[in-house]
Amino acid sequence: MTGMRTITGLAAEGLASSYGANSTAVAAAGKQAAAAQAGDALLQLQQAAVGKQINGFAESVQVLNRRLRVFSSGGMFELYYSKSGSGEGFSSFARNSLRSLVDAYNSVNGMIKSSGYVTEEGKRLLNGVQALLQGKDGQDYLNMGLTVDKDTGMIKLDEQKLAGFLTENAAQAKKLLMDKGFLAPTLQNIIQDVLGKKEDYYFCRPFSVYV
């Protein structure tokens, strides 16, 4: 805050002229001014940090949104499925697409888990996905190679399991990924919720205690 004279600083100067440099009141005012300046500097650092997190979160959400387009109605996953069913071309495409989706999801989840500024709404944002993978269809997702860590919320993909599942149960895989109430639609609902809010809705902005 070089070159700026705060209200507290001016108060300290006034006390200095009235009581002398060694006055207890002057010393207290000086300490308060120093504390206010340190607080302002810390606030600026915190504001910059949370701003960076908000931007990173927004970018991660946009990436996840793009990855989800593959699994939308009439999207590439459905197209490949209709053309080659459980063939090797479909299986390869599905593995690559799901890997990218999981990576994008984990990026969003990592942003939420690592931030100290996320609101309670933000902390609950991905609960629906975790409940889905651990719920009544959890065993089917496990058989397909998808599991979620109950502590971190990160999704793990076993591509060998997925390849076998796609060969034997392509229709079931399509259901688990694309049908209403399952993975892609659940994620898309979350994305729409995020995009419908203000940029920093899921984050708490730090504020100064010196008001």
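The values are calculated or read from the model by the stated rules, or taken from the named source; none is laboratory data. Here the structure is a predicted model, which means the values were calculated and not measured. Positions of Cβ are backbone-derived with ideal geometry, glycine not excepted, and every protein chain shown enters the neighbour counts.
What to note about this one:
- The condition of being exposed (fewer than 14 other Cβ atoms within 10 Å of the Cβ) and under 20 Å from S84 (Cβ atoms) holds for only one of A163, A171, that being A171.
- Matching residues in region 86-107 - criterion: being touching a residue at least 60 places away in the same chain (Cβ under 8 Å), part of a helix (DSSP H, G or I) and either within 16 Å of Q172 (Cα to Cα) or among the small types (G, A, S) (or both): F90, S91, A94, R95, L98
Residue by residue, here is whether (1) within 20 Å of V108 (Cα to Cα); (2) modelled with pLDDT under 80 holds:
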position: T24; (1), (2): no, yes
position: A29; (1), (2): no, yes
position: D40; (1), (2): no, yes
position: K52; (1), (2): yes, no
position: E78; (1), (2): no, no
position: G85; (1), (2): no, yes
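- Region 85-105, subset touching a Ser or Thr at 6+ places or on another chain (Cβ under 9 Å) and among the polar types (S, T, N, Q), residue nearest to K150 (Cα to Cα): S91
Listed here are the residues, each with its yes/no results for (1) surrounded by fewer than 16 Cβ atoms within 10 Å (Cβ to Cβ); (2) over 22 Å from R66 (Cα atoms); (3) touching an Asp or Glu at 6+ places or on another chain (Cβ under 9 Å); (4) among the small types (G, A, S).
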position	(1), (2), (3), (4)
S91	no, no, no, yes
V129	no, no, no, no
G135	yes, yes, no, yes
G138	yes, yes, no, yes
L146	no, no, yes, no
K150	yes, yes, no, no
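- For region 151-182, the set of residues classified as in a loop (DSSP other than H, G, I, E, B) and not hydrophobic (A, V, I, L, M, F, W, C) consists of D151, T152, G153, D158, N169, D179, K180, G181, listed by residue number.
- Checking S73 against (1) closer than 20 Å to K180 by Cα; (2) in a helix (DSSP H, G or I), the condition it does not meet: (2)
- Within region 67-85, considering residues that are of a type in the set (D, E, K, R) and touching a residue at least 12 places away in the same chain (Cβ under 8 Å), the one surrounded by the fewest Cβ atoms within 10 Å (Cβ to Cβ): E78
- Of everything listed in (1) in contact with a Lys or Arg (Cβ under 9 Å, 6 or more places away or on another chain); (2) farther than 25 Å from E78 by Cα; (3) of a type outside the set (V, I, T), the single unmet condition for L162 is (2).
- Residues satisfying the stated conditions in region 94-119, i.e. more than 14 Å from the chain's Cα centre (by Cα) and surrounded by 17 or more Cβ atoms within 10 Å (Cβ to Cβ): A94, R95, S97, L98, L101
- For Q192, the criteria (1) of a type outside the set (S, T, Y); (2) outside any loop (DSSP other than H, G, I, E, B); (3) without any contact (Cβ under 8 Å) to a residue 60 or more places away in the chain; (4) surrounded by 12 or more Cβ atoms within 10 Å (Cβ to Cβ) hold in every case but one, which is (4).
- Picking from residues in region 112-150 that are part of a helix (DSSP H, G or I) and polar (S, T, N, Q), the one that is nearest to F203 (Cα to Cα) is S114.
- Within the set F207, F203, the sole residue that is at pLDDT below 95, more than 25 Å from G74 (Cα to Cα) and in contact with a Ser or Thr (Cβ under 9 Å, 6 or more places away or on another chain) turns out to be F203.
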